[in-house]
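Below is one structure, written out as structure tokens; comments come after it.
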Amino acid sequence: MNAHDALRRRTFVAGAGAALLAGGAVSGAQAAVVDGPLPDFHPALKDALTFPLAWGRSPIRDFRAWRRAARATVEEHLLVERQDGTPYAPEFTSRSRTREYTRELVTVSLTRYERVRGALLTPHGRGPFPAVLLLHDHGSRFDIGKEKLVRPWYDDTRLASARAWADKYFSGRFVGDELARRGYVVLCLDALGWGDRGPLAYEQQQALAANFFNLGSSLAGLMAREDQRAAAFLAGLDRVDARRVAAVGFSMGAYRAWQTAALSDHVAAAASMCWMTGLKEMMVPGNNTLRGQSAYCMLHPGLARHLDIPDVASIAAPRPMLFFDGGLDTLFPAEGVRIAYDRLRAVWRSHHAEERIRTKTWPELGHVFTAPMQDEVVSWLDDVL
């Protein structure tokens, strides 16, 4: 392409966007894909997103009625039906003891499609105990899933990868083991594509998601349903106090944590590290979500016509919720985090429950869940559960 052609193309792109913003049409010859790629008319598509079902904007004024309507809308867009009638049929294996807790593997049916293996840690002593559904991140690392958060006593091959992950993101700690030491039952399972259910290759993610859509289903919807069922399974264990179950996660696991709180009444509180933003503020040139691939794990087609990201999390109100982010986290622009936090606090404030939501930015940190952050989360869980 010569300089004249390049200039002409930029002129067409600018002209197309301007025409749409002015209410005009764009001819096929002018249509283009830009920045990410995004369609050149993406500003018009953004403007069309008004999130009409958001609390405070929806015509539904009773919060319980709004919550039912909003949750039903989210569930409809999961494209995966509820699995309430599927027996869990748990199988417990690889049991061993440490000085402070017992660890075992548990295999359960979260859906009728396949069995899923997870790590289950139980403190010594008399229960029932408070519990944490611990949700692993994405990280483009698929050979380990639950092992990112729970030390794999059952698999020396994965231990080196797990330790490296803990060193990189968690100050060298295994978050699940730390929670068990502090008195919490911990359940952590592999999402589809990770650990025992993988490993998926990075470049295979879009094909996997597309095949789900072709089959009338959804990768992100399956993950949401499995997390919903995992929360119910954990709450139903005899060793667990069903009134004191929290969801906790980092990165994609943070998304899963607040999403599970929104979809499950078995979750009494949720703590989410490094995944909260406004959708429009995230959909900007250069953002990781524009690359596709990992975005499909958190993509429910059409839901944005009804609710923004913090609107979905608000379905959990007024239960206790904690959101941390790093001020240097390049995945989530500061403006998007600020807008999301403001909207979340407004919902809790409308219920006179602002003390039940905690939002905090760690200005010196990036995309991590460090030991000081973990300590604050555990202290917060001790207070709210």
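The values are calculated or read from the model by the stated rules, or taken from the named source; none is laboratory data. Being a predicted model, the structure only gives us computed values, none of them experimental. Glycine gets a Cβ as well: all are built from the backbone with ideal geometry, and neighbour counts include every protein chain shown. To get the accessible areas, we keep the full protein, side chains included, count just its heavy atoms, and leave off ligands, DNA and RNA. Shrake-Rupley method; radii C 1.70, N 1.55, O 1.52, S 1.80 Å.
Each peptide among 244-254, 44-54, 99-109 gets the average number of other Cβ atoms lying within 10 Å of its residues, and from highest to lowest they stand as 244-254, 99-109, 44-54. Sorting the segments 120-126, 170-176, 312-318 by their mean number of nearby beta carbons within 10 angstrom, highest to lowest, gives 312-318, 170-176, 120-126.
Sorted largest first, the spans of the alpha carbon positions of region 240-289 along the three principal axes are 46, 16, 10 Å. Here volume of the Cα convex hull per residue in Å³ was calculated from the structure, and among (i) 177; (ii) 237; (iii) 155 it sits at label (iii). Ignoring lysines fewer than eight residues from Lys168 along the same chain, the ones with Cα atoms less than 27 angstrom from its Cα are Lys146, Lys148, Lys360. When the helices of the chain are scored as -39500 (n - 2.57) per DSSP H run of n ≥ 4 and the total is divided over every residue, the value at 222 nm lands at -11500 deg cm²/dmol.
What region 144-218 shows is 39 Å² of accessible area per residue, with the surface traced by a 1.4 Å probe over protein heavy atoms. Peptides 372-380, 200-208, ordered by how many other C-beta atoms sit within 10 Å of their residues on average, highest first, read 372-380, 200-208.
Sorting Trp362, Trp348, Trp55 by accessible area puts them as Trp55, Trp362, Trp348; the probe is 1.4 Å, largest comes first, and only protein heavy atoms count. The alpha carbon radius of gyration of region 87-201, expressed as a multiple of 2.2 N^0.38 Å, is 1.02. Three principal axis extents describe the C-alpha atoms of region 303-385; from largest down they are 34, 31, 18 Å.
Measuring only protein heavy atoms, the 1.4 Å probe finds Lys168 accessible over about 130 Å². Accessible-area rank, largest first, for Thr361, Thr330, Thr370, Thr277: Thr330, Thr361, Thr370, Thr277, with all protein chains present and a 1.4 angstrom probe. Computed from the Cβ-Cβ distance with R0 of 22 Å, the FRET efficiency linking Arg57 to Asp383 stands at 0.10.
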